[in-house]
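Okay, so here's the structure we're looking at.
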Amino acid sequence: MKRELRSGYTTGTCAAAAAKGAALMLVGQAPLSEVTIDLPAGISATFLLNGQSFSANEASCFVAKDAGDDPDITNGAEVWATVAEHHQSSERELLIEGGKGIGKVTKPGLAIPPGEWAINPVPRLMIEQAVGSVLTEFKIQSSKFKIVISIPDGDERAKKTLNARLGIIGGLSILGTTGIVRPISTKAWTDTIDAALDVAKACGCKTVILSTGRSSEIAAQKNYTIHPSPFTLSDEAYIMMGDHVAYALLSCMKRGFSRPIIACQFAKLLKIACGHENTHAAASELDLAVLLEWAETAHIPPEYLAIISHANTAREIAVATDFNKELMKLVADRATQAAAKHAPGILLQPLLCRYDGNIA
């Protein structure tokens, strides 16, 4: 029997829980082992607190992030919160900052403006509500509190993300909209695609280069260094879309990128040409049968038809035909037509990458 995948919690949820725990220890002047908070998803959750310390003016603790069965780079991270009372003021005031391992935004187009800590609006609100509930419970109405969120190894973990590409420098982001991480969901990918396109638009990019993987992206960067594009292609123009081709094309359309480039290898290009919304989805045998039909209709030479009919993979066809230009153009043209069905008005420009890191 297949085991149901386990959900986890976002960095925003962990930060809010740690902040509430620190606030309770500060105002109550007593140790605390766990805390319960309300999530935007409409449920509550209880978290164990670790690393507790408190004094008359400051308290700290952390929540170890549990991402459930989602392969999240932040799984197991220690999300720390330090809450300190600054001074009396005429009204309650909460100042939220990032500490060690939290990135700062350096490019426009994200939910947070440049120069600010990468703590997104929903997590920020969750932190404010969590700490605010403690202050209300203890009837504290006129003090200024500083809340610092940190992840000690956040800088190292961030190197394995696309944060630097998005202009988030120095660490991780504090993210989350529902408070819950759904296992193996595509939302993290699609959120990153949207964010990257927003940054590209805000930075004035005229077009974007979508890539299905890092190898294809490197090949595209190399190509446009040797053969400059009519447009200036800054780092922000390169968007890692993974397998989410239909979503990425629609996202481009919404932002006015009507002539996106897709850099990919032949197997992915064939899947795009066959109309798959996600290039990870369908069986390659079906794609090869469709390719053979197209090639026959286009009167591709018999020797290439024989290669297609006997091949086990799309890569085998590309290599065995030495990336035959007529065959490659046939698939590229079909990919352009399929893209227009996913996102009407889009004129896709395929950029086919060879397996040696060059452009076909």
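The values are calculated or read from the model by the stated rules, or taken from the named source; none is laboratory data. Model, not experiment: these values are computed from the prediction. Cβ sites come from the backbone with ideal geometry, for glycine too, and all protein chains shown count toward neighbours.
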Set Ile73, Ile96: member being of a type in the set (A, V, I, L, M, F, W, C), crowded, with 19+ Cβ neighbours inside 10 Å and within 26 Å of Ala195 (Cβ to Cβ): Ile96
Spans of helices (runs of 4 or more DSSP H) in the stretch 244-315 with at least 1 residues of a type outside the set (A, V, I, L, M, F, W, C) and more than 22 Å from the chain's Cα centre (by Cα): 266-273, 284-297, 302-310
Residue within the stretch 45-60 that is under 20 Å from Trp117 (Cα atoms), at pLDDT 95 or above and assigned by TED's automatic domain parsing to the domain that holds Phe138 present: yes
Selected residue (only one of Ser216, Ser211, Ser150 is crowded, with 20+ Cβ neighbours inside 10 Å, among the hydroxyl-bearing types (Ser, Thr, Tyr), assigned by TED's automatic domain parsing to the domain that holds Asn75 and at pLDDT 90 or above): Ser150
Residue that is surrounded by the most Cβ atoms within 10 Å (Cβ to Cβ) [pool: residues in the stretch 326-360 that are of a type in the set (Lys, Arg) and in contact (Cβ under 8 Å) with a residue 12 or more places away in the chain]: Arg334
Residue satisfying all of: in the stretch 32-42; at pLDDT 95 or above and out of contact with any Leu (no Cβ under 8 Å at 6 or more places or on another chain); surrounded by the most Cβ atoms within 10 Å (Cβ to Cβ) among these: Ile37
Conditions (1) crowded, with 20+ Cβ neighbours inside 10 Å; (2) assigned to a loop (DSSP other than H, G, I, E, B): number failed by Ile239: (2)
Boolean, Thr13 is hydroxyl-bearing (Ser, Thr, Tyr) and assigned to a helix (DSSP H, G or I): yes
Residue identified as free of Cβ contacts under 8 Å to residues at least 60 places away in the same chain and surrounded by 15 or more Cβ atoms within 10 Å (Cβ to Cβ) among Cys252, Cys205: Cys205
Any hit, the stretch 261-282, residues being within 21 Å of Ile239 (Cβ to Cβ) and among the aromatic types (Phe, Trp, Tyr): yes
